[in-house]
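Take a look at the structure below.
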Amino acid sequence: MIRVGLDARLVAYRREGIARYILELAARLPQAIDHPDVHLVIFQSRRAPNAAALAGNVHLARVWTPPHHRWEQWLWPLEVSLRRVALLHSPDFIPPFSGPFRRVITVHDLHFLKHPDFMTAESRRYYAGQIGRAVQVADHIIAVSRTTQVDLMAHFGVPSERISVIYEGASSMCRPLPEGQVREVLRALGLEPGYVLFVGTWEPRKNIPLLLRAYARLLDRRPAAPPLVLAGRRGWLYQELLEWPHRLRIADRLRWIEGPDDQTLAALYNGAAFLVLPSLYEGFGLPALEAMACGTPVVVSDRGALPEVVGEAGWILPAEDEGRWTEAMEALLEDPEAQAVMRRKALERAAQFSWDRAAAETWAVYRKVLGLPEPPSGGQP
């Protein structure tokens, strides 16, 4: 038996971002792994609830070492080694630096190097202090976008053949929903369809102050404009963000929805007039893809991988041009036909991304690193 491990410890602490990536892969890798001798070991924190029934080629290993712990590099390699895995996949950037197994890491972005002032000192030390060695010891690196691949090559000189670009997908919950179902969820939140929506962590990198200023200017021009809904969770250095609504005198026009579950988030996407994502840097930009999968128009910044993900399906604006963001929001609110065209394009674009494909391509990386032969072709010679 050949054991490959997936580090899923982070899921006990959160459900979005990298944790969402882990959850989607964990659900699909058992079907993607087509080698009879390969079994998947999912490393789960002892803080996590008991898992549901697992597929026959999946084993659950409950471990003690928390992610991001100061003793992680001493304790975590021992716990992994005890499970006798041949390969460990670390989706949260940093693998164990010691241990008798191969290493695959996923690098989602390098914002802690490009924008270190957007993070706490503790987070900078964890990621920026270890990413160089992580890249060095990894047998192979998965980048979630070509933007991240280019950043890795530029910052660390990693040759392109050591990096596989594997795009993320949208959750199966993110799809066009019946209007009645959407209205029922929104009613419980005190919302009507047609609001402007932001989805993401409330932190400086997301450029929320610019969005709030642009929205305040929109209200000056259109006092009856719909509310701005900000769905997500508190992130690094979020406290200053909470001062802006009062400074701009728009606090009564905002709705902050913290930690929405999957069903609520899908309804929020469906009920929005459009999504706005003015981030200063994104390694992928999953909310944009999720919104498009729901058929929701998207307006994103020109930074990081957002243009790469959205393509020609949405509007792409300069991240720091406040006036352009106001004009774009006003234009879309006044033009239902433009919204309809963008909804169609959004669905077409989102269909090009798939978690099933991501799992299959991730398994192909494992197979390559383990030196396993390619499966025989199913077609005619």
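The values are calculated or read from the model by the stated rules, or taken from the named source; none is laboratory data. On a predicted model such as this, the values are computed, not experimentally measured, just so you know. Glycine also receives a Cβ, built like all others from the backbone with ideal geometry; neighbour counts cover every protein chain displayed.
When the stretch 222-252 is examined, which residues are found to be outside any loop (DSSP other than H, G, I, E, B) and touching a helix residue (DSSP H, G or I) at 6+ places or on another chain (Cβ under 6 Å)? Working first, answer last.
Within the stretch 222-252, the subset outside any loop (DSSP other than H, G, I, E, B) is 228-232, 234, 239-248, 251-252.
Of everything in the stretch 222-252, those that are outside any loop (DSSP other than H, G, I, E, B) and touching a helix residue (DSSP H, G or I) at 6+ places or on another chain (Cβ under 6 Å) turn out to be Leu228, Ala231, Leu241, Trp244, Pro245, Leu248, Ala251.
Filtering the stretch 44-96 to residues that are at positive phi and either surrounded by 14 or more Cβ atoms within 10 Å (Cβ to Cβ) or among the hydrophobic types (A, V, I, L, M, F, W, C) (or both) leaves His68, Phe93. For the structure I just gave you, tell me whether Asp335 is among the acidic types (Asp, Glu) and either assigned by TED's automatic domain parsing to the domain that holds Gly17 or in contact (Cβ under 8 Å) with a residue 12 or more places away in the chain (or both). Criteria not met by Asp335. Candidates Ala272, Ala266: the one that is farther than 17 Å from Glu322 by Cα, crowded, with 20+ Cβ neighbours inside 10 Å and touching a strand residue (DSSP E or B) at 6+ places or on another chain (Cβ under 6 Å) is Ala272.
Taking residues in the stretch 246-257 that are not assigned by TED's automatic domain parsing to the domain that holds Leu197, and partners anywhere that are surrounded by fewer than 12 Cβ atoms within 10 Å (Cβ to Cβ) and at pLDDT 95 or above, not one pair has Cβ atoms closer than 9 Å while being at least 6 places apart or on different chains.
Can you confirm whether Glu168 is of a type in the set (D, E, K, R), under 30 Å from Val104 (Cα atoms) and either modelled with pLDDT under 95 or in contact with a Leu (Cβ under 9 Å, 6 or more places away or on another chain) (or both)? Give the steps one after another, and end with the answer.
On the way: of a type in the set (D, E, K, R): yes; under 30 Å from Val104 (Cα atoms): yes; either modelled with pLDDT under 95 or in contact with a Leu (Cβ under 9 Å, 6 or more places away or on another chain) (or both): yes.
Yes, satisfied.
Any residue in the stretch 332-339 that is in a loop (DSSP other than H, G, I, E, B) and within 20 Å of the chain's Cα centre (by Cα)? The answer is no; no qualifying residue exists.
To keep it simple, each residue is scored yes or no on (1) out of contact with any Gly (no Cβ under 6 Å at 6 or more places or on another chain); (2) under 27 Å from Pro204 (Cα atoms); (3) of a type in the set (Phe, Trp, Tyr); (4) modelled with pLDDT of 90 or more.
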{"site": "Val63", "(1), (2), (3), (4)": "yes, no, no, yes"}
{"site": "Asp92", "(1), (2), (3), (4)": "yes, yes, no, yes"}
{"site": "Arg102", "(1), (2), (3), (4)": "yes, no, no, yes"}
{"site": "His115", "(1), (2), (3), (4)": "yes, yes, no, no"}
{"site": "His140", "(1), (2), (3), (4)": "yes, no, no, yes"}
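Of the residues examined, Arg324 is not one that is among the basic types (Lys, Arg) and closer than 20 Å to Arg349 by Cβ. Looking only at residues in the stretch 350-377 that are within 19 Å of Val309 (Cβ to Cβ) and of a type in the set (Asp, Glu), the one that is nearest to the chain's Cα centre (by Cα) is Asp356.
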